Amino acid sequence: MVLQLELLLFLSFITLIIGIPLNLSLDLELGAGDHGFKRADFPAPPDFVFGASSSAYQVEGAADQDGRTPSIWDTYAHAGKMHGATGDVACDEYHRYKEDVQLMVDTGLEAYRFSISWSRLISNGRGPVNPKGLQYYNNLIDQLISKGIQPHVTLHHADLPQALDDEYGGWVSPQIIKDFTAYANVCFAQFGDRVKHWTTMNEPNVFVLGGYDIGFLPPSRCSAPFGVNCSRGDSTTEPYLAIHNFLLSHASAAALYKQTYQHKQCGFIGINVFSYWFIPRTETHQDQAAAQRAMDFYFSWVVHPLVYGEYPGVMKKNAGSRLPTFTSAESALVKGSFDFIGLNYYNTLYADDNSAALNLQTRDYVADSAIKISPLDQDRSTFEYPITPWGMEELLEYIKQNYGNPLLYIHENGQRTRRNSSLEDWSRIEYLHGHIHSLLNVIRNGSNARGYFTWSFLDTLELLDGLESSYGLYYIDVDDPDLKRQPKLSAHWYSKFLKNKNFTPRSDPDADQHYFFQ
């Protein structure tokens, strides 16, 4: 079956996605916009931090070294589903972490968000700790702290140990709750004396839609006519089951942390969710309702239970018995099981009503949401994201108004360009400038945002695009055996901003208005 265009557009926008010192003596004409601001306009660390993000499979490499075993992401990549690319070497941060941390220092990062590879730390997903994996993460954390950089650690970033998926289906089975909690316990016990910011899962809503409904993300579970090239799965029920088990696993790990570790370690625990800001295609009541329904299905699917202990009403109505229910004990466990929300935001989309989907005889998650979605800006290159920082302002205001203004971090935010495009990445600078300025606006308007992490620090292997797209501040030529880190103009821009250099607008007759750093 040919996939619906709007779904392909939705998933195509989900990406998710060090040896050269910066020449900070140069004045660089960078960025675009009409407002000047600087790092000092934000709260100082530790009340607010600026950093960059990564994930284990995308940067570490050493995929079969020192006791690490395959994850579902390894299996997916080795099946040729990432344009032939794999994370076997990636950025080789496993061997180059000291070099990379020093580059973070040179850039001026205040925090680094990274994930732990479950199958590197506990080789088969459960059982004894792998001493080599334990040593690596201890070394990385110690190196960060010794350089004054906060470690922000994610426990699961799309890389469930393959052994657990083989044994019982991974996230579609409630058995995962016990295994994830045991894994989290090892991390809290071994690293929690130094790690103060824990994120249990990275964007489970995206992981589940791609991996259990359409089937073209790991672990490639789906069923006809909704998915493509899957040999197992059920698109009508498994997306809902997987999110349910994600939430219960998160809540179990959070309860363990709060009851056993938090009072001694004085840290914070949260969960990450992906979201667009959706706006109605037209001013009709139908499209306005569709935009709200999109927020309920894509964002509130995860956040609503965390705040209110139950799924959004429209999801219960449209999905019916296919949506699991929480027992009273589970509801109490999930409700309030976070200290912060991590948010991945890239751009804003139109939402169109598609209520006719609810009349289909066979339905999955996409039909249940009864919307069509499409990008806002067709004038800009379709490979790059339209720059919509105002959408992030609307999203954070929505969270403040509907979910009690929780403490939150922007965990991912960045511009997508082609991998081998110029190091003069003006669109990324424009993107960063616009979104950081919008974040300042919402903080001044009362949002409880506590940090901003750009995706990504290095050009990494991307889940949807393999090595065809780029989000990094630093370019890596994967054909170079030395994997040399090369700064883009955006790395200079971000570094100047983080080091409190002032900048003011100036006119350029041959280009859009730029920013000149002083």
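The values are calculated or read from the model by the stated rules, or taken from the named source; none is laboratory data. Because the structure is predicted, anything quoted here is derived from the model rather than measured. Counting neighbours? That spans all protein chains shown, and the Cβs are built from the backbone with ideal geometry, glycine included.
Quick notes on this structure:
- From Leu473, Leu498, residue being at pLDDT 95 or above, farther than 21 Å from Pro218 by Cα, of a type outside the set (Gly, Ala, Ser) and surrounded by fewer than 24 Cβ atoms within 10 Å (Cβ to Cβ): Leu498
- Of the residues making up the range 113-127, at least one is within 24 Å of the chain's Cα centre (by Cα), modelled with pLDDT of 95 or more and of a type in the set (Lys, Arg).
- Scope the range 407-433; condition farther than 21 Å from Leu467 by Cα and surrounded by fewer than 18 Cβ atoms within 10 Å (Cβ to Cβ); matching residues: Leu407
- Subset of the range 451-460 (residues that are of a type outside the set (Ser, Thr, Tyr) and either closer than 15 Å to Gln415 by Cα or surrounded by fewer than 21 Cβ atoms within 10 Å (Cβ to Cβ) (or both)): Phe453, Trp455, Phe457, Leu458, Asp459
- Check on Ser146, at pLDDT below 95 and not basic (Lys, Arg): no
- Qualifying residue in the range 75-83 (condition: aliphatic (A, V, I, L, M), under 27 Å from Val195 (Cβ atoms), buried (at least 19 other Cβ atoms within 10 Å of the Cβ) and under 21 Å from the mean Cα position of the chain (by Cα)): no
- Against the list (1) at pLDDT 95 or above; (2) surrounded by 15 or more Cβ atoms within 10 Å (Cβ to Cβ); (3) of a type in the set (D, E, K, R), the condition Arg444 fails is (2).
- Residue satisfying all of: in the range 287-307; over 20 Å from Glu203 (Cβ atoms) and among the small types (Gly, Ala, Ser); surrounded by the fewest Cβ atoms within 10 Å (Cβ to Cβ) among these: Ala289
- Residue in the range 89-110 that is surrounded by the most Cβ atoms within 10 Å (Cβ to Cβ), counting only those that are in a loop (DSSP other than H, G, I, E, B) and over 21 Å from the mean Cα position of the chain (by Cα): Gly108
- For the condition of a type in the set (A, V, I, L, M), under 14 Å from Ile341 (Cβ atoms), buried (at least 22 other Cβ atoms within 10 Å of the Cβ) and out of contact with any Gly (no Cβ under 8 Å at 6 or more places or on another chain), Leu247 qualifies.
- Some residue of the range 259-272 being crowded, with 23+ Cβ neighbours inside 10 Å and over 17 Å from Leu333 (Cβ atoms): yes
- Residues (of a type in the set (A, V, I, L, M), farther than 20 Å from Trp277 by Cα and touching a Pro at 6+ places or on another chain (Cβ under 9 Å)) located in the range 327-385: Val334
- When residues of the range 376-387 are limited to those that are of a type outside the set (D, E, K, R) and closer than 16 Å to Ser469 by Cβ, the one modelled with the lowest pLDDT: Ser381
- Residues (among the hydrophobic types (A, V, I, L, M, F, W, C) and assigned to a strand (DSSP E or B)) located in the range 459-476: Ile476
- Leading residue by the ranking (farthest from Ala356 (Cα to Cα)) among those in the range 244-280 that are outside any helix (DSSP H, G or I) and among the polar types (S, T, N, Q): Asn272
- Test result for Tyr168, at pLDDT 95 or above, surrounded by fewer than 17 Cβ atoms within 10 Å (Cβ to Cβ) and not small (Gly, Ala, Ser): yes
- The set of residues from the range 32-78 being among the polar types (S, T, N, Q) and either at pLDDT below 95 or within 26 Å of Trp171 (Cβ to Cβ) (or both) comprises Ser53, Ser54, Ser55, Gln58, Thr69, Ser71, Thr75.
- Number of positions in the range 165-196 that are of a type in the set (D, E, K, R) and assigned to a helix (DSSP H, G or I): 5
- Remark: pairs (first residue in the range 100-121, within 21 Å of Ile72 (Cβ to Cβ); second residue of a type in the set (Val, Ile, Thr) and part of a loop (DSSP other than H, G, I, E, B); Cβ separation under 9 Å; 6+ apart in sequence or on different chains) = Ser119/Thr69; Arg120/Thr69; Leu121/Val129.
- Filtering the range 428-458 to residues that are closer than 20 Å to Pro46 by Cα, touching a strand residue (DSSP E or B) at 6+ places or on another chain (Cβ under 8 Å) and in a helix (DSSP H, G or I) leaves Ile436, Leu439, Val442, Ile443.
- Options Glu330, Glu310, Glu283; residue that is modelled with pLDDT of 95 or more, assigned to a loop (DSSP other than H, G, I, E, B) and surrounded by fewer than 22 Cβ atoms within 10 Å (Cβ to Cβ): Glu310
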